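Q: Okay, here's the structure, questions in a sec.
Please treat every number below as a calculation from the coordinates, not as lab data. Just so it is clear, the model here is predicted, and its values are computed rather than measured. All Cβ positions, glycine included, derive from the backbone under ideal geometry; neighbour counts span all protein chains shown.
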Amino acid sequence: MSLITILTLVVSSTLVYSTPLILTSLGGTFSERSGVVNVGLEGIMVMGAFSAVVFNLTFADKFGHMTPWLACLVAGCVGLVFSLLHAVATVSLRADHIVSGTVVNLMAPALGVFLIKVIYNKGQTDNIAENLGYFSFPGLSKIPVIGKILFDNTSLAAYLAILIAVLSWFIIFKTRFGLRLRSVGENPQAADTLGINVYVLRYAGVLISGFLGGMGGAVFAQSISGNFSVGTIAGQGFISMAAMIFGKWNPLGAMGASLFFGFAQSLSIIGGQLPVISNIPSMYLQIAPYLLTIIVLVAFLGKSSAPKADGVNYIKSK
């Protein structure tokens with residue numbers, strides 16, 4: 001196998017596995033920048049995957065190749081609804097953020113499997129008819145060496161996720177909305193005295209996280225798993241949170257960390273085709289992403305500085 005072939009395989013696989021992590025970690029960044037810890041990203045991804053697969057199976061004949069893209073939008077809206085539950089609990093009712101997010105994580109898989117049994121009378125769905133597939137960029141794919149590695153037969157969703165990451169960085173750090181969002185995550189009392197509605201901005205941060213998390217689940221289901229079952233997401237939401245922390249609550253940092261974790265996950269799939277790595281037992285490659293997640297959390301959680309009011313409920317009267 002030539003070096004170009006190896007690089008093409010590694011880059012393509014990394015992009016596919018990174019895309020759900022990029023979208024979901026960006027969602028977590030918006031939420032925590034507003035001061036709300038969204039541990040429920042795992043459950044939101046589950047419901048996003050569920051809704052995307054059901055939509056895909058139902059409307060594939062009608063919408064054809066557009067089906068998976070429309071399913072991503074539907075999944076984003078479903079994720080937004082579930083994040084609204086978390087927002088009401090944490091922002092309005094001042095519930096503990098970790099407890100509220102854990103409830104979402106516990107509820108989503110059970111609800112998804114229950115609805116699958118009601119709709120299809122079995123424990124998991126059939127494989128979807130239309131998936132996100134691969135895409136070659138016209139013109140760019142013809143560039144010598146680089147074109148074949150980066151732009152030929154690759155994941156279009158991955159490049160859209162990277163674009164969303166850049167846009168998210170601009171929104172958070174270069175716009176009035178982003179400045180206000182960060183202010184309520186750092187010092188909500190001070191922001192309130194300046195006339196900023198803390199509750200509205202925190203709702204906005206959580207709802208954006210739900211929309212992006214739902215899309216992340218949809219992308220995973222339609223590009224990797226191909227169907228929905230109770231184990232479809234299997235910790236992707238938690239890995240996304242680790243990427244957010246590793247990236248220091250910065251959209252570009254979260255994107256870079258997601259690419260790193262996506263690379264680790266891809267090795268468990270393509271490792272058998274790569275020199276040297278093929279000699280490593282497959283079970284070690286399969287546990288590598290989760291082991292890396294634990295290592296990153298242990299190594300960086302104490303060193304990375306979260307927004308000062310992250311996870312702290314705001315009471316306006318104080």
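Q: Ranked highest first by average number of other Cβ atoms within 10 Å, how do 287-299, 161-173 line up?
A: Descending mean neighbour count gives 161-173, 287-299.
Q: Could you give the length gained by full extension between residue 156 and residue 269, i.e. 0.36 nm per residue of separation minus their alpha carbon distance, to one decimal place? Mind showing how you got there, number by number?
A: Working: separation 113, 0.36 × 113 = 40.68 nm, distance 2.00 nm.
Extra length from residue 156 to residue 269 when fully extended: 38.7 nm.
Q: Looking at 143, 279, 13, which one has the Cα that reaches farthest to the positive end of the dipole of the chain (charges on Cβ: Lys, Arg +1; Asp, Glu -1)?
A: Result: 143.
Q: Using the Cα gyration tensor of the range 55-115, with a ≥ b ≥ c the square roots of its eigenvalues, what is the shape: rounded (a/c below 1.5), prolate (a/b larger than b/c) or oblate (neither)?
A: prolate
Q: Would you mind working out the magnitude of the charge dipole of the chain relative to its Cα centre, with +1 at each Lys and Arg C-beta and -1 at each Asp and Glu C-beta, to the nearest 20 Debye?
A: Values: 17 positive and 10 negative charges, 145 e Å.
I would put it at about 700 debye.
Q: Additional query: By how many degrees, 0 to 90 and rounded to 10, does the Cα axis of helix 97-120 deviate from the longest principal axis of the chain?
A: Computed tilt is about 50 degrees.
Q: Quick check: the angle from helix 67-87's long axis to the longest principal axis of the chain, C-alpha only, nearest 10 degrees?
A: 30 degrees
Q: With a 10 Å radius around each residue's Cβ, average the other Cβ atoms per peptide and rank 81-87, 29-35, 233-239, highest first. Mind showing how you got there, number by number?
A: On the way: 81-87: 22.4, 29-35: 30.4, 233-239: 24.0.
With the highest mean Cβ count within 10 Å placed first, the list reads 29-35, 233-239, 81-87.
Q: If you bin the C-alpha pair distances of the range 195-318 every 10 Å from 0, what whole percents do you get?
A: That works out to 11, 33, 33, 15, 6, 2, 0, in percent per bin.
Q: Cross-link candidates for residue 316: which lysines have Cα within less than 23 Å, leaving aside residues fewer than 8 places away along the same chain?
A: Within the straight-line cut-off, residue 316 pairs with 308.
Q: Oh, and also: Just to be sure I understand: with springs between alpha-carbon atoms less than 10 Å apart, which residue in 56, 250, 121 has the highest mean-square fluctuation in the Gaussian network model of the chain?
A: Its mean-square fluctuation being the largest, the pick is 121.
Q: Based solely on its DSSP helices, what 222 nm [θ] is calculated for the chain when runs of n ≥ 4 H residues each add -39,500 (n - 2.57) and the sum is averaged over all residues, nearest 500 deg cm²/dmol? The partial results should precede the final answer.
A: Numbers: 11 runs with 208 residues, N = 318.
-22500 deg cm²/dmol, from helical runs alone.
Q: Would you mind pulling out the separation of the Cα centroids of the range 181-250 and the range 258-295, in Å?
A: Spelled out, the Cα-based centre of one part sits 26 Å from the other.
Q: I've got another one for you. Measure out, as a whole number of angstrom, how far apart the alpha-carbon centroids of the range 91-135 and the range 1-72 sit.
A: The two parts, judged by their Cα centres, are 14 Å apart.
Q: Same structure again: Could you tell me what a quarter of the Cα convex hull surface of the range 1-85 works out to, in nm² with one decimal place?
A: Working: hull surface 30.6 nm².
Reported value for the Cα convex hull: 7.7 nm².
Q: Now a separate question. With a Förster radius of 41 Å, plug the Cβ-Cβ distance of residue 276 and residue 129 into 1/(1 + (r/R0)^6) and report the FRET value to the nearest 0.05.
A: Numbers: r = 38 Å, r/R0 = 0.93.
Approximately 0.60, to the nearest 0.05.
Q: If the viscosity is 1.567 mPa s and the temperature 4 °C, what translational diffusion coefficient in µm²/s does Stokes-Einstein give for the range 3-300 when Rh comes from Kirkwood over Cα pairs? Could you put the intermediate results ahead of the total?
A: Details: Rh = 19.5 Å.
Rounded to a whole number, D works out at 66 µm²/s.
Q: I've got another one for you. What aspartates and glutamates could a cross-link reach from residue 142, if we take a straight Cα to Cα line under 12 Å and drop same-chain neighbours fewer than 8 places away?
A: Once the sequence-local aspartates and glutamates are set aside, what remains near residue 142 is 152.
Q: Something else now. So for the range 3-300, averaging the separation of alpha carbon pairs under 8 Å that are six or more residues apart and normalising by length, what relative contact order in percent results? Spell out each step's value before the answer.
A: Values: 561 pairs, mean separation 111.9, N = 298.
Dividing the mean separation by the residue count of the range 3-300 yields 38 percent.
Q: For the chain, find the longest principal axis of its Cα atoms and tell me its angle to the long axis of helix 3-33, 0 to 90°, nearest 10.
A: That helix lies at roughly 10 degrees to the long axis.
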